[in-house]
Amino acid sequence: MAEPLTLASLQLFPYAIPLSRPWKCARGDTVMRRGWLIRIEDSEGGHGWGETAALPGAGTETAPLAEAALAEAVANFPGLSMDMAHARLPRHDRPAARCGLECALLDLAARRAGVPLYRHLRPDAAPRVRVNAFVGAIDAGLGERLVAARAQGFEVAKLKLATAPLEDELPLFFAAMEQLPAGLRLRLDVNRGWSTAQAEATLPLFAGLPIEALEEPAADADAEALARLQSMVDFSLALDESLASWPDEGPLPVRRQILKPMVVGGPSRVFGLALRPRTESIVTSSVDTAVGLWLSAHIGAALDNGLAHGLDTASWLSTLLGPVPPPGGVLRLPEAPGLGFDPELPEAR
């Protein structure tokens, strides 16, 4: 009788990767991405990869808490069955650690089944996912970046607002709109950088522009205010960082939610939240390396909702430790089992 399959080892590979340029948002700038690649191996030599990269400003636990949760898994996962390991994943208040470990287990399972991860998650999923361009914060070069994004085949471009005072930012924004190419819609991210009063005054100024959505319109907006703001515009408003303050079930006061696997706690919770009624779901990378980025792509393909997902973040890292998705508005996923690749190991720290 064959021995039951169990996990044999779990290894952590820490990394610290400079960003190619500062990641600007209303809460400040990020210049270095730190995290861990996770390699799980089973008792028959099969393996899977995951990634944990804490980003407290986006809603994850701190790096020390993530590291402690990973260290506990290193000590306790060997000898467990796959089902037992899934049952012992960290709690949802350790979302980055949970995401990395769940990814490694799912990658291992998909490799053993001989199927790409997106088909392991959803057997009838298509091997492609729509992607939005990310063109950064508003500055004098925004118009040129929008033109370049459309030339690369993107149909949706995301840009950050509220990284400067409104009186400085809006003139630059509307100047860039004179260069906006046909066929490109805009996804705006305020990142809770406005007050409700500022949002109420500013949203009408976007009338007539091809706005696809606007994320996190106001820091002080309660449910009533968010519903009122949503009623003011034809496009979707979205919750991202503030999503954690809402129950997992039931509708939101806006039309859309942004689901970062690293922030919400991994693929299983993404799919659970995507069941929310009357709510659009966008999967977004948290400026992760190749493992986390391609995980988000596989999840987006498995959701198969026709929306453009936030996966255009590779250029923000000086190295991705794995394959770089080609630029363009549609990303084709690998047919190889699991994530589709083994990452490069980071230099020892």
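If I filter the range 248-259 for residues that are in contact with a Leu (Cβ under 8 Å, 6 or more places away or on another chain), closer than 25 Å to residue 34 by Cα and touching a residue at least 12 places away in the same chain (Cβ under 8 Å), do I get at least one hit? Yes. The set of residues from the range 164-192 being assigned to a helix (DSSP H, G or I) and either touching a helix residue (DSSP H, G or I) at 6+ places or on another chain (Cβ under 6 Å) or in contact (Cβ under 8 Å) with a residue 60 or more places away in the chain (or both) comprises just one member, 176.
Quick one: which residue in 315, 281 is at pLDDT below 95, among the polar types (S, T, N, Q), in the same structural domain as residue 137 (by TED's automatic domain parsing) and not in a loop (DSSP other than H, G, I, E, B)?
315
For the range 254-269, the condition of being among the β-branched types (Val, Ile, Thr) and in a loop (DSSP other than H, G, I, E, B) holds for at least one residue. Among residues of the range 119-169 being surrounded by fewer than 17 Cβ atoms within 10 Å (Cβ to Cβ) and among the basic types (Lys, Arg), the one that is farthest from residue 47 (Cα to Cα) is 128. In the range 142-163, the residues that are in the same structural domain as residue 185 (by TED's automatic domain parsing) and over 17 Å from residue 331 (Cβ atoms) form Cβ pairs under 8 Å with partners that are in a loop (DSSP other than H, G, I, E, B) and among the basic types (Lys, Arg), at six or more places apart or across chains, as follows: 162/192. A residue that is among the small types (Gly, Ala, Ser), under 20 Å from the mean Cα position of the chain (by Cα) and in a helix (DSSP H, G or I) occurs nowhere in the range 123-144.
When 116, 64 are screened for being more than 16 Å from residue 266 (Cα to Cα), under 23 Å from the mean Cα position of the chain (by Cα) and either surrounded by fewer than 17 Cβ atoms within 10 Å (Cβ to Cβ) or aromatic (Phe, Trp, Tyr) (or both), only 64 passes.
Of everything in the range 292-338, what is free of Cβ contacts under 8 Å to residues at least 40 places away in the same chain and surrounded by fewer than 21 Cβ atoms within 10 Å (Cβ to Cβ)? Give them in sequence order. Listed by number, the residues that qualify are 305, 323, 324, 326.
Output yes when any residue across the range 99-111 is basic (Lys, Arg) and out of contact with any Ser or Thr (no Cβ under 9 Å at 6 or more places or on another chain), and no when none is.
Within the range 99-111, one or more residues are basic (Lys, Arg) and out of contact with any Ser or Thr (no Cβ under 9 Å at 6 or more places or on another chain).
The values are calculated or read from the model by the stated rules, or taken from the named source; none is laboratory data. Everything numeric here is computed off the predicted structure, so don't read it as measured data. Heads up, the Cβs are rebuilt from the backbone with ideal geometry, glycines too, and the neighbour counts pull from every protein chain shown.
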